[in-house]
Structures are given as C-alpha cells and as structure tokens.
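I have placed the structure first, in the form of structure tokens, so that the comments after it can refer back to it.
Every number in this text was worked out from the coordinates using simple rules, so none of it is lab data. Not measured: the values here are computed from a predicted model. So basically every Cβ, Gly included, is an ideal-geometry build from the backbone, and we count neighbours across all protein chains shown.
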Amino acid sequence: MPIQRLKSARRVVVKVGSNVLTAADGLNMAAVASLSSQISALIDRGLEVLFVSSGAMASGLRKLGLTKRPDEIPKRQAIAAVGQSGLMNAYENAFAEHAKRVAQILLTSDDLSNRKRYLNARNTLNTLLEWKVVPIINENDTIMVEEIKLGDNDNLAAMIALLMDADFLISLTDIDGLYTKDPRTQPDARLIPHVSVYNKEIELYASDIPGALGRGGMLSKIKAAKKVNAAGVPMIIAKGDKPDILLKLFSGEAHGTYFEPRRKKLNRRKCWIAYTLTPKGALTIDSGAEQAVHHRGKSLLPSGIVSVTGDFREGAPVAIRNSSDETIGVGLVNYSAADIRAIQGMKTQQIKARLGGKPYDEVIHRDNLVITAGDE
C-alpha cells in the first residue's frame, strides 16, 4: 500500500528536522546538498514538492560562532533571523546545481487561521509550483510569540499538506521511524513499520522518543500523522541521513514507519476548521446531543448544551466536549459565548424570546462542525 500510494502521488510535502540538518559546527551542508539533489530528481520526474525545512537555528549558531542555543527567547529569535538567510542561501546554491529555483515562505498560525490569508497562501504556493520553483517553508521564528506559534515544523508540515491537498507527507528525522523504545539508548527497541490505528500505546511509544534539538520529538510527528491521516493523506517517518532515502522510498523500497490514512477524506474547508484553527473556548454537550452530532451528522442545537467555557465571539472556533470531558469535535459557532450561555438547554423556538432575535436555529451548523473523536 505505501508503495502504491507513493507511485501515484503527484504532490508531496517533505519535512526535514533539525537533527538531520545540524552538524557539530552548525548547518550540515552535506545534508543540504543531498536533500536538494533528491528533491530536484523527484521534480524532474514530474512531482510537485513542498519542502518544510528546519535548520535556521543551526545556521545562525554557526554564523555567529556560538556553541549552543540560548534560553532567552529574544536571543533565539535573533539567531533564527541571522540563520534563516544563511539557510536559504545554502539551499539556493544547492538547488542551483540542479537548475532549480527556490522561494522562501515564512508563516505563523495567523496566516493559516485567517481564512482569507489561508487561501492567499495556497494561491501563492500553487503559483510557485506551476513555475517549477521549490517552496522552502518554515515558521517565522523571528516574530513568533505564543499567540501565533504553530508549535513545531511537524505541525506546520501537516498544515501545509492539508492546505495544498498533498498526496503524501514524508517526515525525515534522525531515526528510522517509530520504535517501541528510543533506539538511540535502548538496544532492544523494535521498529513499528505500519500504523493503522492510534491508541494510547502508540502515543506512549512516541513519548519515550524525544527530539534532541528541535521543538518536536516523535510525539509531535505522531500528532501530525493523525491530522493528515484523518484527512485521507498518508505519511511516512524515515531516517533523513540515509543515502538517497527519498529516491529509495519512491522506487518502492520499504523504510521507516507508514501511517495509513482514513478511507474517507475530509473536504478542504473542514480540514481547515478541524486542524488549522485554534479553539477559543469549548461547549460541553449532553449524551443526546453527542449521539446527534457524532453518529447522525446533525447540527448542534442549544438544547443539548450543558456548559460554556471561555469568552468568544460569533464565528469563533470552539471545541465540543462530551459529558466525560473528552473533546469529540470542533466547530464554528453562530452565537457568542454570552448568548450561548443565555440559551443553553433551550429549544430553538425559545431563542427569540431570550435574545430578542433568532438569526440561527443552530449553535453550530453541521457544515461548520467536524467530528475528530475518531482520530483518538
């Protein structure tokens, strides 16, 4: 199955982590050259490749003559600013060896959570692919604050795969895939070649394999896999410094861990709601409402709402929780938090009397509601 999906892929996202791109003295130029060569070869075969790359910090440390990352956020952001230009210069030179041009794309969560900017980013990336330019994508670390942080490049790569309707996501890291233990310290660790069901055991395995340099360890890669798999996109985690690893994967060789996608793919807008937006609050619903929205595909009505958490406006994304306080979905609300508190537990015909008007019957319409409980 992984071989067939890769052979039929026309648009792929390749993500490479800090551990692959970092050498003792900074940026690993051999890795940059190898990845640029492999991606260029894939493009020459007719594939469209979006490249999510870490490495700005490693490049900045090298240029500034520093030996370790500072703890202070302003200093780390300054190092990333210095390093980003060096990273892009390295890629520009490496891809030029194969007659390929590159473009730098720096994003924050604001760029992807705003629907207009989200679509603008999509249009820009589509244009670059049409022009045969390689988009090299990273989080905008130099201006990053908690409110607009994407989290890590694993999450960013998943978002790009969803944004661009990619056929495959390949995550290149410093180990061969998902293991039962950390293979760098546990000799009896066993590689898990295929994941089709997510459970606590899988997350436990991933939690034991931290990332040495970047923000994301194996657990962040598992979370990225869950996102893209829910949208029908397969993912592979493989060892990035294996010689010609990308070419080997596309030639049909089995490497790393393959994460099998859902058969039913979410539409583009629901992917955006479920996996790009950050919930501004939560609605807790009763068992009847859970049955209606989860199993019968219904809209969420005020009668099924038990409680409201947070202070949000009409149109905001909110999490939907069941009576066991488990998050089962995400949706865009038709009413503010204050109005929902006023009408919770009521029938729709009572809304007008309580609020003085009734613009909507539903608190969340089913077209704006995504059930994510199946991802767990």
Classify the range 2-270 as rounded, prolate or oblate, taking a ≥ b ≥ c as the square roots of the eigenvalues of its Cα gyration tensor: rounded when a/c is under 1.5, otherwise prolate if a/b is larger than b/c and oblate if not. rounded
Using a 10 Å Cβ count of at most 13 others and DSSP loop calls, identify the longest part of the chain lacking such trypsin sites (Lys or Arg not before Pro). 191-262
Quick check on my link table: of LYS132/LYS242; LYS63/LYS280; LYS100/LYS265, which ones sit more than 30 Å apart, alpha carbon to alpha carbon? LYS63/LYS280; LYS100/LYS265
I need the calculated FRET efficiency for the pair SER287 and ASN120, taking r as the beta carbon distance and R₀ as 51 Å, to the nearest 0.05. 0.75
Quick check: pseudo-label points 7 Å beyond the Cα along Cα→Cβ at ASP188 and ARG269, how many nm apart are they? 5.4
Projected label distance in nm at ARG262 and GLN350, using a 7 Å step from Cα toward the beta-carbon: 3.3
On C-alpha positions alone, give me the angle between the axis of helix 115-130 and the longest principal axis of the chain, in degrees, nearest 10. 30
Residue among LEU332, LEU64, LEU169 with the largest mean-square fluctuation in a Gaussian network model of the chain, springs linking Cα atoms under 10 Å: LEU64
Taking the Cα centre of the chain as origin and charging only Cβ (+1 Lys, Arg; -1 Asp, Glu), how large is the dipole, in debye to the nearest 20? 940
Quick one: if you stick a label point 7 Å off each Cα along the C-beta vector at ALA373 and LEU66, how many nm between them? 4.7
Give the relative contact order (percent, whole number) for the chain; include only Cα pairs under 8 Å separated by 6+ residues. 15
Write down the percent of antiparallel bridges among all DSSP beta bridges whose residues are both part of the chain, to the nearest 5. 40
Between 0 and 90 degrees, rounded to the nearest ten: what's the tilt of helix 29-44 against the longest Cα principal axis of the chain? 70
Round to the nearest 0.05 the FRET efficiency obtained for ALA78 and LYS239 when R0 = 41 Å and r is the Cβ-Cβ distance. 0.80
So if R0 is 35 Å, what FRET efficiency would ASP361 and VAL197 give, r being the distance between their Cβ atoms, rounded to the nearest 0.05? 0.40
How many angstrom lie between the C-alpha centres of the range 298-376 and the range 126-140? 38
